[in-house]
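Asks: Below is one structure. I have some questions about it.
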Amino acid sequence: FICMEQHPHFPRFLAENAVIMKLSTSFEGSSLMSDTFSSASSCTRLVTGQKKLETCADDLRKVRIAAAVDIVDIEARDIVSERPNAQPIDVSGSVVLQNGFSGLMNDKFLCVSQAGDSDRFAVGSSLGNVYFLDSMGCSLLQVHAHDASIWDLAFREKYRFTTGSEDGTSVEWSCSNEKGDAQASLQCNARHTLGTDVYCVKYLHPNDPQTPLLTGGLYNSLMVRGRDGTKSYIRTQCSIQVIKSLPQSPTAIVGGGDGSLSLFDIGTNTLVKTLTDHQRKVPTLTVQDDNHFFSGSFDSTIRAWDCRAPGAVNTLTLKLKNYVTGLDVNNNHLAACVGENLYLWDVRKLNEVLGGFPQGWKGLSRGVCVQSASNLVVTASPDGYVRFWRFV
């Protein structure tokens, strides 16, 4: 019997002749957020099979465990020193929590994406589920896509999307919606193996039926899959944390595990420029238009970039109090996950925080989506909640 903590009703006679050991986890170094909450973002399933678990004393018996144990780091937190120039959050009521959604027990939310329509969202989870929600936080559909964490989602159409998973695959799916969302069936159209964790997936131009699919992760290569099924690989200098693209050009922007930003021409599969302004990994990017994008880093900064200059130029740097793990821009609004806090800016006035919400969730998350027209921000976090925020 394995118990993660002392239980008041555990029968004492079972423990009298038992060997009591303490289990601890050590999964740091491989997770997308390994610098911070290690495996807390993902419910890691440790299968011991028939391996022997040995104690240190020679006179104690060896025990065999043939079971699967779910190991979860509970409320893993980080202590980050406050930067003197960090921007304070306005808590005057400009951002309020409207609704929340929780999925299956112990399921943690890792990413959120707009799902084809402006009032429809998809959320990937640590148990391999995809939850479809409307803008009020009501469940539309739930499907099981992987037996491991889903790190990212990308939509080409309302019912055609791709998932990137911890199991080392990106899978293209389609949903049959003849009977509506509630009874839609999930069909696998193609499966691509990267060999290691797939952290990010992106259609270069989602509205183009011939657009290639870009896949990246722990492996130091960007996989490009054409609609004809052909695959090519672009070598990168480090792991790929996030992929975005410019709307009207073949340029893909890649955030690296070493803090670099790389611009690739997907038409020729060539590197255009490498930017090294960030000091630590870049888990999040968001594109405003063909000329501007933003990057967020574990160095606790958000950088604004102008692509009209050759290779892009850093035009503004926002210094914050915690890791920047999630960014999304829509029209005039930029939303960010900064530690466990929600920040909101007007992109026309980035030197002043428009609003926010401190301690909005537990754990670090890059799941954030903002909609200017409806004054809505959606966040998905590893505490198991999708939250719907309204701002004025």
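Asks: Looking only at strands (runs of 3 or more DSSP E) that fall completely inside segment 88-156, which ones have 2 or more residues that are more than 21 Å from residue 360 (Cβ to Cβ) and in contact with a Leu (Cβ under 8 Å, 6 or more places away or on another chain)?
Replies: On the way: elements: 95-101, 109-114, 120-125, 129-134, 139-144.
By residue number, 129-134, 139-144.
Asks: Tell me which residues, restricted to segment 339-353, are open to solvent by less than 30 Å² (accessible area, probe 1.4 Å) and in a loop (DSSP other than H, G, I, E, B).
Replies: Selection gives 339, 340, 350.
Asks: Applying the selection to segment 207-232, what residues are surrounded by fewer than 19 Cβ atoms within 10 Å (Cβ to Cβ) and under 14 Å from residue 254 (Cα atoms)?
Replies: 220, 221
Asks: Could you check segment 360-389 and list, in sequence order, the residues that are β-branched (Val, Ile, Thr) and farther than 19 Å from residue 150 by Cα?
Replies: If the condition is that a residue be β-branched (Val, Ile, Thr) and farther than 19 Å from residue 150 by Cα, then 370, 377 are the ones that fit.
Asks: Oh, and also: Can you tell me which condition residue 267 does not meet? The list is (1) under 23 Å from residue 110 (Cβ atoms); (2) of a type outside the set (Asp, Glu); (3) free of Cβ contacts under 8 Å to residues at least 24 places away in the same chain, and all the others hold.
Replies: Only one criterion in (1) under 23 Å from residue 110 (Cβ atoms); (2) of a type outside the set (Asp, Glu); (3) free of Cβ contacts under 8 Å to residues at least 24 places away in the same chain is unmet by residue 267, namely (1).
Asks: Where the second residue is modelled with pLDDT of 95 or more and among the aromatic types (Phe, Trp, Tyr) and the first is in a loop (DSSP other than H, G, I, E, B) and lies in segment 311-338, which pairs have Cβ atoms under 6 Å and are six or more apart or on separate chains?
Replies: Going by the 6 Å Cβ cut-off, the qualifying pairs are 312/305; 323/298.
Asks: Something else: Output yes when any residue across segment 221-229 is within 20 Å of residue 323 (Cβ to Cβ) and charged (D, E, K, R), and no when none is.
Replies: no
Asks: Inside segment 172-190, can you point out the residues that are of a type in the set (D, E, K, R) and either touching a helix residue (DSSP H, G or I) at 6+ places or on another chain (Cβ under 6 Å) or modelled with pLDDT under 95 (or both)?
Replies: Initial filter on segment 172-190 (of a type in the set (D, E, K, R)): 172, 178-179, 181.
Passing the criteria: 178, 179, 181.
Asks: Since residue 392 meets every condition but one in (1) at pLDDT 95 or above; (2) in contact with a Ser or Thr (Cβ under 8 Å, 6 or more places away or on another chain); (3) not charged (D, E, K, R), which condition does it not meet?
Replies: (1)
Asks: Quickly run through segment 278-310 and pick out the residues that are touching a residue at least 40 places away in the same chain (Cβ under 8 Å), more than 18 Å from residue 245 (Cβ to Cβ) and open to solvent by 30 Å² or more (accessible area, probe 1.4 Å).
Replies: 280 - this is the single residue of segment 278-310 that is touching a residue at least 40 places away in the same chain (Cβ under 8 Å), more than 18 Å from residue 245 (Cβ to Cβ) and open to solvent by 30 Å² or more (accessible area, probe 1.4 Å).
The values are calculated or read from the model by the stated rules, or taken from the named source; none is laboratory data. Bear in mind the structure is a predicted one, so any value in this text is a computation, not a measurement. All Cβ positions, glycine included, derive from the backbone under ideal geometry; neighbour counts span all protein chains shown. Accessible surface is based on the protein model in full, side chains and every heavy atom, while ligands, DNA and RNA are left aside. Shrake-Rupley method; radii C 1.70, N 1.55, O 1.52, S 1.80 Å.
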